[in-house]
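We did not get these values from a lab; they are worked out from the coordinates using the rules stated. Predicted, not measured: the structure shown is a model, and the values here were computed from it. Glycine gets a Cβ as well: all are built from the backbone with ideal geometry, and neighbour counts include every protein chain shown.
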Amino acid sequence: MIQIQDLYKCYQNGTVTRNVLNGINFYLEKGDLVALMGQSGAGKSTLLNIIGILDHYDDGDYHLNGVHIKNLSNQEASRYRSELIGFIFQRFHLIPFKTALENVALPLYYQGIERKERYKRAWAMLDRVGLSPHAQNKPNALSGGQQQRVAIARALVTDPPLILADEPTGALDSRTAHEIMALLKEMNREGNTILIVTHSLQVARQCNSIQEIIDGKII
């Protein structure tokens with residue numbers, strides 16, 4: 001599913017160039033559940049943003065589902081990202097004035113799905129993560145674990161083949177983090193390919209494999 005070869009990324013700050021990714025090689029097969037670990041500043045988030053087609057890279061090759069990402073126009077990249085990738089964030093990024101149901105349905109709106117159908121799918125996905133009784137609640141009426149379940153439902157509602165999770169348990173207590181990991185593992189068993197960026201060895205050990213990034217290289 002993901003093939004990254006000899007990938008480089010640097011940032012320019014005035015006359016100073018900072019190399020963030022230094023010849024990354026990374027592969028992810030369909031059905032994998034992989035943890036990506038590394039200290040702050042190692043390049044984890046940069047790599048995740050590139051995989052998620054949210055950032056450009058300077059050199060190297062990145063193929064997602066056989067498509068060479070660097071060759072995509074901005075419009076093609078946006079469409080490809082919408083169709084193939086679901087994102088789960090540490091801070092949830094739910095819209096505070098919308099209900100759980102409306103938050104989950106939002107990606108379907110951007111895909112042009114008719115209103116009745118998108119709410120039907122959103123409800124089914126909330127039910128899948130155990131939150132259909134809270135469908136009409138807004139985020140401030142939900143616990144941290146419930147908000148993360150809404151975020152997971154939102155990531156899955158378009159049925160993307162790839163899920164990118166950036167510290168999905170980082171803002172949660174240990175019990176809730178365990179519940180969220182159990183849910184992600186269940187989703188993986190049902191066929192979703194998942195890449196988790198985490199600082200937590202406890203989280204990483206629940207994945208099928210662990211990759212570590214140090215100074216912009218995967219070791």
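For the chain, the longest principal axis of the C-alpha atoms and the axis of helix 144-156 are separated by about 70°.
Between the Cα long axis of helix 115-128 and the first principal axis of the chain there is an angle of about 80°, rounded to the nearest 10.
Rounded to the nearest 5, the antiparallel percentage of DSSP beta bridges internal to the chain is 50%. In the chain, helical runs assigned H by DSSP with n ≥ 4 each contribute -39500 (n - 2.57); averaged across all residues and rounded to the nearest 500, the mean residue ellipticity at 222 nm is -10500 deg cm²/dmol. Helix 74-84 and the longest principal axis of the Cα set of the chain meet at an angle near 60°.
Need one word for the range 1-114: rounded, prolate or oblate. Basis is the Cα gyration tensor (sqrt eigenvalues a ≥ b ≥ c); a/c below 1.5 gives rounded, then a/b vs b/c decides. Taking the square roots of the gyration eigenvalues as a ≥ b ≥ c, the range 1-114 is prolate. Sequentially through the range 131-136, phi angles give Karplus couplings (6.51, -1.76, 1.60; θ = phi - 60°) of 10, 4, x, 10, 4, 8 Hz, Gly and Pro residues having no value and appearing as x. Model label points for Asp215 and Leu54, set 7 angstrom from Cα along the Cα-to-Cβ axis, are 2.7 nm apart.
Highest average first, the peptides 22-33, 115-126 ordered by how many other beta carbon atoms sit within 10 Å of their residues are 115-126, 22-33.
Fewest neighbouring Cβ atoms within 10 Å first, the residues Met181, Met1 line up as Met1, Met181. With a cut-off of 16 Å, note down the residues of the range 34-54 whose backbone N falls inside the zone around a label point 7 Å from the Cα of Tyr11 toward its beta carbon. Only 39-51, 54 fall inside the zone, counting backbone N under 16 Å.
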